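What follows is a short report on a single structure.
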Amino acid sequence: MTERTTVADSPAGVAEPATAPAEQAKDTRVDARPKNNRAWWLVLPVVVSVAFTAVIPLMTVVNYSVQDVFSPSERIFVGLEWFRDVARDPEVRGAFVRTLLFSAQVLLIEIPLGVAIAVAMPRRGVSVSVALVLVALPLLIPWNVVGTIWQIFARGDIGLGGWAINNVLGVNFNYTLDSTDAWLTVLAMDVWHWTPLVALLAYAGLRSIPQPYFQAAQIDGASGWATFRHIQLPRLRGVLTIAILLRFMDSFMIYTEPFVVTGGGPGNATSFLSILLSKIAVGQFDLGPAGAFSLLYFLFVQVLCYVFFTVLTRSGR
Amino acid sequence: MADIRLEGVGHSYDGGRTWALKPMTWTWQSSRAYALLGPSGCGKTTLLNIISGLITPTVGRIWFGEREVTGVPTAGRNIAQVFQFPVLYEEMSVYDNLAFPLRNRKFPKKEVDQRVRQVSQLLGLDQVLRRRSRRLDPGRQQIVSLGRGLVRPQVAAVLLDEPLTVVDPALKWTLRSKLKEIHRDTGHTLIYVTHDQTEALTFADEVVVLNDGAIVQAGEPAELFLSPSHEFVGHFIGSPGMNMVPAEIAGGVVRVGAAGVGAAPDGLPPGPVRIGVRPEFVRIAGPGASPGAGATVTGIDRMGAYDLVHTRVGEHPVIVKTEAGSACEPDAAVFLHFPADRTFLFRDEVRCGSLAPLNGREPS
């Protein structure tokens with residue numbers, strides 16, 4: 001201990017640098033403080049709540065997915081049969097392709113549109129709050145209400161949107177009969193509902209860019225587009241990664257809004273994975289296939305998110 | 001290259017209620033290296049941004065030689081500006097960063113390449129041209145930011161806004177000498193903003209001291225040190241700053257309390273003044289030998305190369321810089337002598353004269 005005091009007391013740079021670190025290392029190795037591991041109990045609430053909210057429900061699903069349940073007392077273990085069935089089911093495959101296509105379109109529209117809105121939003125003054133409230137408004141509406149709004153809005157007879165398309169644009173539009181119209185209605189609804197999220201994230205990202213970056217761009221004679229391309233866009237990478245992940249997950253699991261608007265129809269034009277799943281699980285009460293379906297669904301979302309995340313963060317390095 | 005002339009240029013951020021930069025007329029001579037020195041918030045950056053055109057001044061006109069540029073946007077002024085933090089196009093390679101200003105101005109490819117290589121050689125960036133700019137250390141990044149300014153032909157001036165803040169001390173020296181070297185090689189007008197006096201004094205041909213939105217003094221480093229024309233310059237330059245002691249002129253004699261420390265210069269009306277003298281020039285002497293003021297030693301800082309003797313004249317602290325190993329002890333009564341040619345009188349913070357020897361001769 002005395003040696004260490006000498007080192008500390010001697011003026012900086014005078015102490016022999018070769019011996020000092022070694023002595024310090026020796027000191028830290030002998031840790032005389034009393035050990036107390038009772039603090040681990042503080043983790044218990046988290047473990048319990050996660051168990052009840054995530055682990056136990058998930059295990060229930062796993063349990064269903066490997067059994068054929070006839071009644072609570074009659075069940076047969078069937079192994080991976082349900083997984084095979086679900087993966088080969090043309091209806092599931094159709095819904096899978098549909099959902100993937102929907103997510104792709106959602107991302108392609110909402111990300112650029114959101115960024116564009118963010119760039120166009122004011123930077124200072126009262127108009128900032130006004131713009132923020134206006135943009136955020138759709139996010140505050142409950143999902144099934146959004147569905148109801150669009151269900152009415154897009155109707156040809158009493159909905160303003162549907163009526164305008166039919167009578168002002170003169171295009172025949174009926175989402176209850178035409179599958180393309182139904183698809184477009186659901187897509188437009190999602191864009192309306194969720195682009196604001198992307199816009200807000202991008203706006204926050206834009207606001208965090210220090211002023212000198214824009215000043216430097218001015219000095220370098222960069223055009224507006226070049227400023228966007230080389231200063232704003234690169235600095236939005238982080239928030240856009242989050243936006244893409246959130247929008248992918250959400251759109252891939254979309255349920256409430258299309259359920260309210262089209263109920264998956266007409267035919268199965270807007271029958272996405274989640275709608276099909278709930279039909280199997282709740283409508284037909286096929287717990288086994290529904291369990292297997294859920295797990296595959298869950299797995300796919302996980303894998304795709306991982307891929308997105310890896311690609312987006314890798315490309316930034 | 002040409003002189004940069006400010007004619008009555010002033011700027012207010014709040015519609016004229018307060019001036020961030022008071023209207024001033026000033027000329028930055030071509031090819032000189034200036035340091036713009038002042039405390040935080042004194043208007044240094046505003047002044048710089050006015051020159052580069054990032055801010056249009058509230059009043060006044062700006063000339064680059066014979067060309068008025070008051071209304072000319074930044075891109076049209078050919079100014080290079082380096083900010084406090086490295087500003088890079090992070091996704092681009094060093095080469096593309098350097099080429100960016102030229103590409104924006106639609107230079108032919110061959111010329112872009114030629115100029116980029118020229119600048120990278122000047123700045124010693126040849127080895128890293130292909131590297132992605134964000135992977136460089138902050139010092140190198142700052143050099144790349146500087147290079148983006150220098151790459152354009154006929155740069156009117158290079159403005160540096162505290163460019164070494166993010167750089168660690170060891171590298172600071174290297175970078176500063178690099179800057180000096182570049183200044184020597186290119187002959188660009190250089191304006192270097194800093195609040196660090198060492199940086200300013202070692203770097204510049206001329207130091208411009210800015211306080212409270214106005215230039216208080218400009219001159220060579222030695223001039224600012226030896227002959228400050230404003231109390232602020234006295235405080236701000238030198239370490240420790242100039243001692244300021246309230247005094248009174250009565251009957252042609254400058255008195256601190258009751259003690260006469262010297263004669264007042266001719267034509268200075270009687271009344272209160274403040275005398276300013278640098279710690280380097282105050283002498284601790286015996287009471288009989290010279291005119292001066294009695295003081296009490298309050299403490300001594302032994303700095304190694306020299307000692308700082310803290311004393312108190314009446315209520316007012318006076319620091320004396322002496323050779324190492326000063327014999328003074330705390331609480332000792334000493335006698336301070338203020339040499340006539342190094343002691344100045346200030347009224348309303350502005351120098352109004354210097355102390356004259358008492359009775360026409362300086363007793364020693």
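Across the range B:253-278, what is the number of residues that are among the hydrophobic types (A, V, I, L, M, F, W, C), more than 30 Å from the chain's Cα centre (by Cα) and part of a strand (DSSP E or B)?
Result for the range B:253-278: 6.
Any idea which of (1) of a type outside the set (A, V, I, L, M); (2) surrounded by fewer than 15 Cβ atoms within 10 Å (Cβ to Cβ); (3) more than 20 Å from B:V166 (Cβ to Cβ); (4) more than 9 Å from every other protein chain (Cβ to nearest Cβ) is the one B:G76 doesn't satisfy?
(4)
Count, please, the residues in the range B:11-29 that happen to be more than 28 Å from B:G238 (Cα to Cα) and of a type in the set (S, T, Y).
Selection size over the range B:11-29: 3.
Checking the structure you have, find out if any residue of the range B:85-93 is in a helix (DSSP H, G or I), within 10 Å of another protein chain (Cβ to nearest Cβ) and at pLDDT below 90.
no
Among the residues of the range B:39-69, how many are under 18 Å from A:Q215 (Cβ atoms), away from chain A (no Cβ under 14 Å) and without any contact (Cβ under 8 Å) to a residue 60 or more places away in the chain?
From the range B:39-69, those under 18 Å from A:Q215 (Cβ atoms) are B:43-57, B:62, B:69; that's our starting set.
When the remaining residues are screened for being away from chain A (no Cβ under 14 Å), the result is B:43-44, B:47, B:57, B:62.
From what is left, the residues that are without any contact (Cβ under 8 Å) to a residue 60 or more places away in the chain are B:57, B:62.
Summing the residues that are under 18 Å from A:Q215 (Cβ atoms), away from chain A (no Cβ under 14 Å) and without any contact (Cβ under 8 Å) to a residue 60 or more places away in the chain in the range B:39-69 gives 2.
In the range A:235-258, which residue that is without any contact (Cβ under 8 Å) to a residue 60 or more places away in the chain and closer than 17 Å to B:E90 by Cα is nearest to the other protein chains (Cβ to nearest Cβ)?
As a first pass, look at the range A:235-258 and keep what is without any contact (Cβ under 8 Å) to a residue 60 or more places away in the chain: A:235, A:238-239, A:242, A:246, A:249-250, A:253, A:255.
Now restrict to residues that are closer than 17 Å to B:E90 by Cα: A:235, A:238-239.
Values: A:R235: 8, A:G238: 12, A:V239: 16 Å.
Here the answer is A:R235.
Please verify whether the range A:204-211 includes one or more residues that are assigned by TED's automatic domain parsing to the domain that holds A:Y175, without any contact (Cβ under 8 Å) to a residue 12 or more places away in the chain, on the phi < 0 side of the Ramachandran plot and part of a helix (DSSP H, G or I).
Scanning the range A:204-211 turns up at least one residue that is assigned by TED's automatic domain parsing to the domain that holds A:Y175, without any contact (Cβ under 8 Å) to a residue 12 or more places away in the chain, on the phi < 0 side of the Ramachandran plot and part of a helix (DSSP H, G or I).
From the list B:E231, B:E223, B:E181, exactly one residue is on the phi < 0 side of the Ramachandran plot, among the charged types (D, E, K, R) and either in contact with a His (Cβ under 6 Å, 6 or more places away or on another chain) or crowded, with 18+ Cβ neighbours inside 10 Å (or both). Which is it? It would help to see each step written out before you state the result.
Numbers: B:E223 fails: either in contact with a His (Cβ under 6 Å, 6 or more places away or on another chain) or crowded, with 18+ Cβ neighbours inside 10 Å (or both); B:E181 fails: either in contact with a His (Cβ under 6 Å, 6 or more places away or on another chain) or crowded, with 18+ Cβ neighbours inside 10 Å (or both).
Matching residue, one of B:E231, B:E223, B:E181: B:E231.
Just need a number here: residues in the range A:140-179 that are farther than 21 Å from A:V198 by Cα, surrounded by 12 or more Cβ atoms within 10 Å (Cβ to Cβ) and of a type outside the set (V, I, T).
Total meeting the criteria: 17.
Hand me the list of strands (runs of 3 or more DSSP E) wholly inside the range B:117-230 holding 2 or more residues that are among the hydrophobic types (A, V, I, L, M, F, W, C) and more than 23 Å from B:R77 (Cα to Cα).
B:206-211, B:214-219
Being surrounded by fewer than 20 Cβ atoms within 10 Å (Cβ to Cβ) and among the β-branched types (V, I, T) is the filter here; which residues of the range A:269-317 pass it?
Result: A:V282, A:V301, A:V303, A:V307, A:T310, A:V311, A:T313.
Please count how many residues of the range B:300-323 are more than 14 Å from B:I284 (Cβ to Cβ), in contact (Cβ under 8 Å) with a residue 12 or more places away in the chain and surrounded by fewer than 17 Cβ atoms within 10 Å (Cβ to Cβ).
Count: 6.
I'd like the full set of residues that are in a loop (DSSP other than H, G, I, E, B) and in contact (Cβ under 8 Å) with a residue 24 or more places away in the chain, limited to the range B:14-30.
B:G16, B:W19, B:A20, B:Q29, B:S30
Only one residue in A:L137, A:L107, A:L132, A:L113 is surrounded by fewer than 17 Cβ atoms within 10 Å (Cβ to Cβ), touching a residue at least 12 places away in the same chain (Cβ under 8 Å), in contact with a helix residue (DSSP H, G or I) (Cβ under 7 Å, 6 or more places away or on another chain) and within 30 Å of A:I149 (Cβ to Cβ). Which one?
Exactly one of A:L137, A:L107, A:L132, A:L113 is surrounded by fewer than 17 Cβ atoms within 10 Å (Cβ to Cβ), touching a residue at least 12 places away in the same chain (Cβ under 8 Å), in contact with a helix residue (DSSP H, G or I) (Cβ under 7 Å, 6 or more places away or on another chain) and within 30 Å of A:I149 (Cβ to Cβ), namely A:L113.
What is the one condition in (1) surrounded by fewer than 22 Cβ atoms within 10 Å (Cβ to Cβ); (2) within 22 Å of the chain's Cα centre (by Cα) that B:G60 does not satisfy?
Result: B:G60 fails condition (2) only.
The values are calculated or read from the model by the stated rules, or taken from the named source; none is laboratory data. Computed from a prediction, not measured in an experiment: that's the story for all the values here. Cβ coordinates were reconstructed from backbone atoms using ideal geometry, including for glycine residues, and neighbour counts include every protein chain displayed.
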